[in-house]
Each structure stands twice: as C-alpha cells, then as structure tokens.
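The structure under discussion appears below in the form of structure tokens.
The values are calculated or read from the model by the stated rules, or taken from the named source; none is laboratory data. Quick caveat: nothing in here was measured; it's all calculated off a predicted structure. FYI the Cβ positions are ideal-geometry reconstructions off the backbone, even for glycines, and counts take in every protein chain you see.
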Amino acid sequence: MTEPPVRSSAERLPVELVDMIRAAGASEAELALVNALDELVLLSADVGARPAGAPMSARGLAAATDDSVERIVSVLRLAGLPCDDPDAMTLFDSDAHSIATVLVATELLGATAVEMLMHRTTTVVQQLAHAISTVFRVNVLGAEAIVDPAAAVERNLGSSVLIDAYVAVLAQLLRHHLRATFRLPSHAVGSLGEMHFMGVAFVDLAASSEVGERVSAEELSGLMHEFTSESAAVATATGARLVKTIGDEAMIVADNPAAACRAAIELVSRYRDHSVVSSARAGVAAGDLLDQDGDCYGPVVNRAARFVEAAADGTVVCDRAVVEALAPGEFIVDPLAAREFRGIGAHDWFTVTRSA
C-alpha cells in the first residue's frame with residue numbers, strides 16, 4: 001500500500017499567504033521549515049529585503065566572476081557577510097557585479113585602501129540597516145505582525161520598493177556630499193588619510209547618566225533622537241559637519257574654527273532651558289586634524305575632548321588656536337585659569353560666547 005505524501009508545515013498555514021511568499025521568491029525548502037504564522041511573517045520580511053536574482057553560493061559567484069573562491073570569500077568578509085560554507089546558497093547572482101567591482105577597485109587603489117573603505121562602508125550600512133528595520137517595524141508594521149499576519153506579510157514583501165527608493169536617495173545624497181568634500185584643502189598622509197586645518201567641537205549633555213536612570217525608555221529614546229537631530233541641524237546651519245554622536249555627546253568639525261564655535265554655542269544654548277536635561281557644555285579646539293575613514297584624529301581632537309570634560313555646565317570653552325583664528329567682533333573671549341588636563345598636560349583655555 002502506498003504511503004500518503006508527507007505534508008510540509010507550510011501546507012498547514014494560510015494558503016494565500018504561502019502562495020504570496022512563494023511568488024515573491026521563497027523556495028519550497030524555506031517554506032517547508034515554517035511551522036507557525038510568526039515564522040511565516042519573518043520569512044516574508046527576509047524575502048522582501050533580498051537582493052535581486054537567483055540564489056547563489058560563493059563558489060557559484062567565483063565561477064560567475066572568473067575568480068577564486070578564496071578571493072570571493074575575502075570580499076564577503078570585508079562586507080560583514082560571514083561565509084563559512086562556500087557552497088551555501090546564501091547569496092544572489094546580482095552580487096556578482098558588486099564583488100567584481102570591489103576586486104577591480106583593489107587592483108586600482110590597492111588592497112589597504114579598499115579594505116579601509118569597505119570596513120567603513122560595512123559599519124555605516126549595518127547601522128543604516130538597524131535604523132531602517134527599526135523604523136519600518138515601528139511605523140509601518142506596528143502591531144500588524146500580531147493582530148493581522150496577512151497585512152504584515154503584504155507590507156514585508158512590499159518593503160523591496162521602499163528599499164529601492166531609499167537607495168536612490170542615498171546615491172543622490174552621496175554625490176552632493178562628495179562635491180563638498182572634494183573642495184577641502186588638504187595634504188595626503190600615506191594612502192589612507194589627509195591632514196586638514198579644522199576646528200573640532202565636542203558637545204556633551206550635562207548629567208545625562210542621571211537622566212537615563214530616572215526617565216522611561218521611551219523618553220530616553222526621544223531625547224537621544226532629539227539630540228542627534230539638533231546636532232545635525234545646527235552643524236548644517238553653521239557650515240560645520242556632524243561626524244558622529246557617541247551616546248550623549250556630539251562631535252562636530254568645520255574647516256573654519258569660527259563655524260565650530262558657532263555650532264557649539266548654538267547647540268549648548270538649545271539645552272539651556274530643556275525640559276529633561278539641565279544643560280549642555282562644549283569644548284572647541286583647532287589645528288591640523290587627521291581626516292581618515294570618515295572620522296578625525298590627533299592631538300587637537302584629544303584637546304577638545306578633555307576641554308569638554310572640564311567645562312562648566314552651560315559654557316563653551318576653547319583653546320588658544322581657536323581664539324587666534326576668530327575674526328574680531330563676532331565673539332567674546334574670556335581667559336580661564338590655566339590648568340592640567342587629563343592625559344594632555346597644561347593648556348591655556350578660554351570661554352567663548354557670541355557678541356550681542
């Protein structure tokens with residue numbers, strides 16, 4: 001007697017959802033592993049975010065690009081994509097062009113330069129991926145994955161269109177910002193970095209650790225979003241650039257130290273009568289900075305960081321190099337008592353405010 005065929009777990013799920021995900025590109029093997037509606041929703045999210053093309057292995061990509069498996073795996077690891085099994089079908093044939101581009105760039109620019117760019121790109125893309133997925137789950141999916149799995153599946157599969165639109169915006173913004181960076185005066189340091197004369201400011205929210213202990217997670221989330229948004233807006237408005245935020249601290253640079261001062265003073269003023277944090281403070285320094293890997297390094301950066309640690313709440317302090325670079329009339333500068341700073345020794349420092 002012939003045994004009846006074994007039914008996959010996917011066949012016990014809503015047929016219309018299974019068919020929808022299958023049509024979008026899920027394989028029968030993937031569907032067979034799904035045992036519950038929440039797993040089906042997760043699979044739809046994976047399918048919606050996938051690159052275009054047919055599934056492929058690293059070994060298949062090596063054949064498609066006429067290169068070695070070892071070189072393909074090395075590029076994947078640079079991209080933050082672990083590849084323990086070169087025969088696993090975790091990639092897509094559309095990856096071939098990107099991998100070939102990285103390999104060509106390696107021949108043109110050198111392995112070290114490409115590794116640096118790939119490490120930075122991977123870090124940024126991973127951060128973007130987490131930010132995008134969080135915004136999508138909170139604002140697009142909402143509670144649909146729980147109360148209406150069908151709606152969640154449909155929205156997950158539709159995320160591909162949103163991703164394409166975001167990538168188009170990202171490409172356009174990249175070109176605009178590259179135009180600005182290409183105009184900066186500099187001199188090369190090896191094959192990876194440049195030296196610029198710049199002003200750097202660190203702006204720190206006062207007593208933020210205590211704030212984090214007494215407010216809810218939702219309030220803390222709102223505060224950090226506000227601080228990042230305010231920092232970026234102020235930097236743009238004053239001709240500076242927000243390099244990064246590190247928790248409750250923002251790092252802002254400008255090719256003109258006066259712009260760094262303007263940004264620091266404006267940002268501190270916005271938190272003078274804030275409803276959650278008591279105040280902010282800032283330290284500004286100027287000099288030759290090593291600009292590498294999208295970040296800035298060197299003694300000038302260290303000096304600004306130590307100054308903000310020692311600054312009184314609600315004040316902006318700066319070093320002598322900043323004072324010497326400021327045009328007369330726009331700022332009021334008052335000397336402070338010279339002191340020893342942690343790790344960098346004694347330095348003259350000053351408070352700086354805008355003239356009326």
Among the residues of the range 210-241, write down those that are closer than 22 Å to Ala285 by Cβ and either surrounded by 15 or more Cβ atoms within 10 Å (Cβ to Cβ) or in contact (Cβ under 8 Å) with a residue 12 or more places away in the chain (or both). Phe227, Glu230, Ser231, Ala232, Val234, Ala235, Ala237, Thr238, Gly239, Ala240, Arg241
Only one of (1) assigned to a strand (DSSP E or B); (2) closer than 29 Å to Arg120 by Cβ does not apply to Val300, and that is (1)
Single residue of the range 55-78 satisfying the filter (in a loop (DSSP other than H, G, I, E, B) and modelled with pLDDT of 90 or more) that is surrounded by the fewest Cβ atoms within 10 Å (Cβ to Cβ): Ser68
Does the range 177-188 contain any residue that is touching a strand residue (DSSP E or B) at 6+ places or on another chain (Cβ under 9 Å), surrounded by 11 or more Cβ atoms within 10 Å (Cβ to Cβ) and at pLDDT 90 or above? no
Can you tell me how many residues in the range 25-43 are part of a helix (DSSP H, G or I) and more than 22 Å from Ala54 (Cα to Cα)? 3
Run Thr245 past the list (1) in contact (Cβ under 8 Å) with a residue 24 or more places away in the chain; (2) surrounded by fewer than 20 Cβ atoms within 10 Å (Cβ to Cβ); (3) under 30 Å from Glu194 (Cα atoms) and report the number of the one that doesn't hold. (1)
Which of the following residues is closer than 28 Å to Leu157 by Cα, in a helix (DSSP H, G or I) and assigned by TED's automatic domain parsing to the domain that holds Glu154: Leu103, Leu81, Leu128, Leu108? Leu128
Tally the residues that are acidic (Asp, Glu) and crowded, with 23+ Cβ neighbours inside 10 Å, restricting the search to the range 278-304. 0
Evaluation of Ser275 against (1) surrounded by fewer than 18 Cβ atoms within 10 Å (Cβ to Cβ); (2) touching a Gly at 6+ places or on another chain (Cβ under 6 Å) (one fails), failing number: (2)
Go through the range 53-97 residue by residue and tally those that are among the aromatic types (Phe, Trp, Tyr) and under 22 Å from Met116 (Cα atoms). 0
Residue among Phe341, Phe307 that is modelled with pLDDT of 95 or more and surrounded by 15 or more Cβ atoms within 10 Å (Cβ to Cβ): Phe307
Count of the range 146-169 residues which are in contact (Cβ under 8 Å) with a residue 12 or more places away in the chain and either among the β-branched types (Val, Ile, Thr) or under 19 Å from Leu43 (Cβ atoms) (or both): 13
Checked the range 79-97 for anything exposed (fewer than 14 other Cβ atoms within 10 Å of the Cβ) and under 24 Å from the mean Cα position of the chain (by Cα); matches are Pro82
